[in-house]
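The structure appears right after this line, and notes come after that.
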Amino acid sequence: MKHFLHVDDIDSTASWLSLAAECKKEPFKFEKKGKGKVLGLLFFNNSLRTRLSTQRAAYHLGMHCMTMNIGNEGWALEFEDGTIMDQGKAEHIREAARVISQYCDVLGVRAFASLKDREKDEAEQVLHGFKKYATIPILNLESATGHPLQALADLITITEYQQTTRPKVVLSWAPHPRALPQAVPNSFAGIMKNNPQFDFSITHPKGYELNPEIVRDIPVFHDQNEALKDADFVYVKNWSASRPYGAVLSDDPHWMITREKLGKAYFMHCLPVRRNVIVEDAVLDSSNSLVIEQANNRTFAAQVALMKILESL
Amino acid sequence: MKHFLHVDDIDSTASWLSLAAECKKEPFKFEKKGKGKVLGLLFFNNSLRTRLSTQRAAYHLGMHCMTMNIGNEGWALEFEDGTIMDQGKAEHIREAARVISQYCDVLGVRAFASLKDREKDEAEQVLHGFKKYATIPILNLESATGHPLQALADLITITEYQQTTRPKVVLSWAPHPRALPQAVPNSFAGIMKNNPQFDFSITHPKGYELNPEIVRDIPVFHDQNEALKDADFVYVKNWSASRPYGAVLSDDPHWMITREKLGKAYFMHCLPVRRNVIVEDAVLDSSNSLVIEQANNRTFAAQVALMKILESL
Amino acid sequence: MKHFLHVDDIDSTASWLSLAAECKKEPFKFEKKGKGKVLGLLFFNNSLRTRLSTQRAAYHLGMHCMTMNIGNEGWALEFEDGTIMDQGKAEHIREAARVISQYCDVLGVRAFASLKDREKDEAEQVLHGFKKYATIPILNLESATGHPLQALADLITITEYQQTTRPKVVLSWAPHPRALPQAVPNSFAGIMKNNPQFDFSITHPKGYELNPEIVRDIPVFHDQNEALKDADFVYVKNWSASRPYGAVLSDDPHWMITREKLGKAYFMHCLPVRRNVIVEDAVLDSSNSLVIEQANNRTFAAQVALMKILESL
C-alpha cells in the first residue's frame, strides 16, 4: 500500500511523466483500473482545481468518488491524544480515520496550514493523523506544508514546454494581501531539487525563507531582477514569512511580475491568482502564461498518482 | 458548439418538444449519448429542482456530473477587467472559466440577479463571463435575466394539457415578502412570444413592467380580473419592480390567486411557492394545479437541452 | 412499496441478517439490483457515517446517488398546514416531497430532533412529512426519534461477536456536554425488544427515562454497576432528559465507562464518541471495543434496507 503525501513519493520521475503523457493522450485508456474502487475526498478547506481535477482523474480510471466538506457536513475532529473531549470537537481522528477507511479504498485529504501553530503545521497534524490511523492509502490534496499534486502538474508542464536540456527555472515570491501557506513553494522547490537537470533558483525578500531542509544548497536571491535574468520559466507565488510564523512582512508592489521583468520566459502560477497584485494582466493574457496548462495537467498528475496507488493495493 | 443560454436558443420548438416527449416516454433511450462526458454544475445560488432534475437528466444520458457550490466550496470570483485584485475576490473569471473548461465537457451555471446593480444584471455578468472565457458549452441553470430550462419545461407542460389549438395563457404577478428576480417571467414571456399559437397576455400592478424588449406588443393588463377572464392557463409568479430596480412596491394580497379567480383554468408556478401568499391552498391542492408536472418536466427539458449540446460537440 | 422508517420495518430478523452477511462477504454480488435507480439523500443535519456508508451501499447495488444538504443548498421547508408563508420558509413539504419524488426512486432523509418541541419531534414532523407526501419509498437516515440503520448495524455486530446463545446486553447512559436526541437509544432498545433471544436491560440516572412505549417491561436500573454486572455487550450512549424535554440534568463523570467497569464485556457506541467523557481512552483503544466494526456494518445495514426497498418497487 502506497501513500502519495510528498513529492518524494514520486519514485521515478521518468516513469511518472511518461504515464502522465499516456493518460493525457488517451484519458480513458485505463478506465478499468479503478473499477469497484471508491475514492473519498475530504475537504477541510476550499478547493476548485483540486476538487474538480481529482474527480475527473478518478472518472478516467473508472473509480467512484464521494466528496465531503468535512468541517461543514460532518463533525469537528480532535487530533490531540488524551484530551477530555468536552469542548467543540465531537469526534477523534482515531475513530474518524478508521471508520472512513471502511467506506473508501483511497482517501484524499485537503487541510491547509493554520499559520498560527508552527509546530502542528510542520507536524502535518491532519494529514499525518489520517496516515497514522487510516487503513487505506492517503492522497495529499494540499496539506500544511506541501502540495505534491500541484508540483507534479508543474513538472509535467515544464517538460512539455522546455526548449533546452537545462532550462533555467526561477521560483519568485510576489506580494499578496493575506497570509498564505508555504505548501506550494515547498513542493515546487522539492520537486526541482529532486530533478537536478533544471537550473533552479529562488528569489524572495529577506524574512521569507522557505524550509531550510528543502532549500539546502538551492541558490537564493534577494534581488528579484538578478534572479530572473535569462530565466526560461518563472514560477510565481506568494507565501507568508517563517519568522514571525505566518506574518505578512511586505506587500512591496515592486515584486509583482510584469511583462518587462518576465522577458521571454514562461510564466507559471498554481492559481487562483490575484491579477495586478501577483502579476499584471499583460502577463496572464500573453502566450507566455502557462497557468491554464498547469491547471489542465492537474488532472493527469492526479490520474498518475491514483494509478500508482491503485497498483499498490 | 452550442450553448443553451436563452429561450431563443431553442431552434425548433416542434423538434425539441418531440424529443422531450421521447425522453419522457423512455428516459434511458439515449443513455449512450453522454458516455465519457462530464457535466459540471456550478451554483452561485441555492437550488432544489434545477440541481436534482439536471443531475437526473445527465444520468439518463450516461453523463457524469460534478456539482459545486462555487461560493462556499471554491473561491470568490472577480468579473471586472483591469482591477487590482487586493480585496475579497481571489480568482478572476478569465482563469476560472478556462480552467473549469478543462475538467468538464459541458458547464451548467446558476447565478441569480443581484437586484442591486441593474447594469451588471442586464449584462449577465456571471453567465456571459463564463460564456466568454469558457471553451465548452454553457447551460443556463437560471441567470440574472432568464431561466430558459424552466420556460421549456413550462411549454412542455402546456402542450401536454392544452385542450384547444389556441389556448389563452396569462402570466400574472402575485405578491411576495421579498424582492425576486425577473428571470422566470422574462423567459416565460419570451417562449410564449416565440410560439404565437398561444393567446398570451400579462397582468401586473403598475410599476412592475417586464423588459420592454421582450414584452413589445404582448397585451399587458393592470386589472388582474380582466386579464384572467376565460384563461386556460394562469402562470403566476412574483417579481420585483423595474423602477426603482429590485424594489417591492406592493404586497397587495388582492393579487393572490384564489380558486374563484382561477375558475376552470390550470394553475402554473415554477416553485418554490409560498402558500397563501402567492396562491391559496385550495388552488395548489386541486387538480387544476400543474406545478408538480411542471417540476417533473424540468428533467426532460434539461435532457433535451443537454442532448442538443452533446450533438453540437 | 416499502419504507424503512423504524426497526419494526425489519420484517424478519433472520432473513435480514443473512442477507447482510451475504452482502458483507461479496459486496458487489447484487450490483445489478439498483441499475437505473436514483437514491436521493437529503440532509437536514450533519453526517459522516450515514452519508458515506449509505453512498457506499448504493454503489454496491449499482444505484446512482444524489446527495443534498437541503437547508444550505435548497430552500427552508414549511411543514405546518394552512399557514400564510410570508416568513422565512420558502417551500412547503407538500410540494417539495412530491417534486423530489419525481427525480429519485428512493429517498433517504436525515432530520434530527429539535429537542425544543416534544410534540413535533414525537410526531416525526420531517420524516413523516416526506412519508406522507412523497410518492417513493423513504429511508430513515436518523430521524427525531429513531435511527434504525444504526440499530440494524448494531444487531449485525452483536450477532457476529456473541459467544453464547443468550448474551447479556446492557444499554447505558453516559455523560455528554450537549443535549443529544434519544433516537439511537430508542432504536437500539426497540431492536433488542424485537429480538428476545438477548438478555437486555437499560441503565441511566433518574430523569433520563426513554419512551415508555418502547421500554415497557425491559428492566431499567439506576445503579450502573449493578446493571453492568456480567454483561457481554455494553452499548453506551448519551441522551437528554425526557422531563424537562431535552434537558441536561446530569454530567456526572461517574457514569463514564471505564476499563474496570467494562470488565470482559464488548464496548459498543454509534459514534461520534467523545473520548474521556463518554468512555475512557483505554476502552476505545482495547480489543473490547466494537465501534469500528459497528461503523463498518452501517454499509451492509444500508445495503440490506435498500435491497428490501428495491424489491418492493
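The values are calculated or read from the model by the stated rules, or taken from the named source; none is laboratory data. Fair warning: this is a prediction, and the values are worked out from it, not measured in the lab. Every residue, glycine as well, gets a Cβ built from its backbone with ideal geometry; the counts of neighbours run over all protein chains shown. These area figures cover heavy atoms from the full protein model, side chains too; ligands, DNA and RNA do not enter into them. Shrake-Rupley method; radii C 1.70, N 1.55, O 1.52, S 1.80 Å.
Side notes on the structure shown:
- Looking at C:Val38, C:Val7, just one residue is within 10 Å of another protein chain (Cβ to nearest Cβ) and surrounded by 16 or more Cβ atoms within 10 Å (Cβ to Cβ), and that residue is C:Val38.
- Looking only at the stretch B:276-299, and only at residues there that are open to solvent by 20 Å² or more (accessible area, probe 1.4 Å) and within 18 Å of the chain's Cα centre (by Cα), the one that is nearest to B:Pro175 (Cα to Cα): B:Ile292
- Cβ-Cβ distances below 7 Å connect the following pairs, each with a first residue in the stretch C:163-175 that is over 13 Å from C:His269 (Cβ atoms), a second residue that is exposed (fewer than 11 other Cβ atoms within 10 Å of the Cβ), and a separation of six or more residues or different chains: C:Lys168/C:Asp230.
- Take the conditions (1) assigned to a loop (DSSP other than H, G, I, E, B); (2) in contact with a Pro (Cβ under 8 Å, 6 or more places away or on another chain); (3) acidic (Asp, Glu); C:Glu95 misses just one of them, which is (1).
- Test: residue in the stretch C:15-25 that is outside the structural domain of C:Ile214 (by TED's automatic domain parsing) and either part of a loop (DSSP other than H, G, I, E, B) or modelled with pLDDT under 95 (or both): no
- Some residue of the stretch C:42-57 being part of a strand (DSSP E or B), modelled with pLDDT of 95 or more and open to solvent by less than 30 Å² (accessible area, probe 1.4 Å): yes
- Of residues in the stretch B:74-84 being of a type outside the set (Gly, Ala, Ser) and part of a loop (DSSP other than H, G, I, E, B), the one farthest from the other protein chains (Cβ to nearest Cβ): B:Phe79
- Conditions (1) facing another protein chain (nearest Cβ under 9 Å); (2) under 23 Å from B:Ser47 (Cα atoms): number failed by B:Asp285: (2)
- Unique match (being in contact with a strand residue (DSSP E or B) (Cβ under 8 Å, 6 or more places away or on another chain) and among the charged types (D, E, K, R)) among A:Lys37, A:Lys24: A:Lys37
- Among the conditions (1) buried (at least 18 other Cβ atoms within 10 Å of the Cβ); (2) at the interface with chain C (Cβ under 7 Å from one of its Cβ atoms), B:Ala302 misses just one, which is (2).
- In the stretch B:79-93, residue farthest from A:Pro272 (Cα to Cα) [restricted to those that are touching a Leu at 6+ places or on another chain (Cβ under 8 Å) and open to solvent by less than 10 Å² (accessible area, probe 1.4 Å)]: B:Ile93
- Neighbours by Cβ (under 9 Å, 6+ apart or cross-chain): first from the stretch C:121-136, outside any helix (DSSP H, G or I); second modelled with pLDDT of 95 or more and of a type in the set (Ser, Thr, Tyr): C:Glu124/C:Ser143; C:Glu124/C:Thr145; C:Ala134/C:Ser101; C:Thr135/C:Ser101; C:Ile136/C:Ser101
- Residues being without any contact (Cβ under 8 Å) to a residue 24 or more places away in the chain and either within 20 Å of B:Cys270 (Cα to Cα) or not assigned by TED's automatic domain parsing to the domain that holds B:Pro167 (or both) - total across the stretch B:200-228: 0
- Applying the condition of being crowded, with 19+ Cβ neighbours inside 10 Å and assigned to a loop (DSSP other than H, G, I, E, B) to the stretch A:58-73 and asking which residue is farthest from the other protein chains (Cβ to nearest Cβ) yields A:Leu61.
- Hey, C:Ala189 of a type in the set (Gly, Ala, Ser) and either surrounded by fewer than 16 Cβ atoms within 10 Å (Cβ to Cβ) or over 16 Å from the mean Cα position of the chain (by Cα) (or both) or not: no
- Total residues in the stretch C:208-252, condition surrounded by fewer than 16 Cβ atoms within 10 Å (Cβ to Cβ), at pLDDT 95 or above, farther than 18 Å from C:Gly190 by Cα and not hydrophobic (A, V, I, L, M, F, W, C): 6
- Selection within the stretch A:157-182 - in contact with a helix residue (DSSP H, G or I) (Cβ under 8 Å, 6 or more places away or on another chain) and open to solvent by less than 10 Å² (accessible area, probe 1.4 Å): A:Thr157, A:Pro167, A:Val169, A:Val170, A:Leu171, A:Ser172, A:Trp173, A:Ala174, A:Pro175
- Selection count where residues are in contact with a strand residue (DSSP E or B) (Cβ under 7 Å, 6 or more places away or on another chain), more than 30 Å from C:Ala58 (Cβ to Cβ) and open to solvent by 20 Å² or more (accessible area, probe 1.4 Å), scope the stretch C:256-275: 1
- The residue that is most open to solvent (accessible area, probe 1.4 Å), among those in the stretch B:109-139 that are among the aliphatic types (A, V, I, L, M) and in contact with a strand residue (DSSP E or B) (Cβ under 9 Å, 6 or more places away or on another chain), is B:Val126.
- Residues satisfying the stated conditions in the stretch C:97-108, i.e. open to solvent by less than 50 Å² (accessible area, probe 1.4 Å), under 20 Å from C:Glu124 (Cα atoms) and at the interface with chain B (Cβ under 7 Å from one of its Cβ atoms): C:Ile100
- Residue match in the stretch B:234-254 (condition: in contact with a Lys or Arg (Cβ under 8 Å, 6 or more places away or on another chain), hydrophobic (A, V, I, L, M, F, W, C) and farther than 22 Å from B:Arg274 by Cα): no
- Test for C:Ala76: is it more than 19 Å from B:Met68 (Cα to Cα), open to solvent by less than 10 Å² (accessible area, probe 1.4 Å) and among the small types (Gly, Ala, Ser): no
- Filtered by the rule that a residue be small (Gly, Ala, Ser) and closer than 14 Å to A:Val7 by Cα, the stretch A:165-222 gives A:Ala183, A:Ser187, A:Ala189, A:Gly190.
- Test result for A:Gln197, outside the structural domain of A:Pro212 (by TED's automatic domain parsing), without any contact (Cβ under 8 Å) to a residue 60 or more places away in the chain and open to solvent by 10 Å² or more (accessible area, probe 1.4 Å): no
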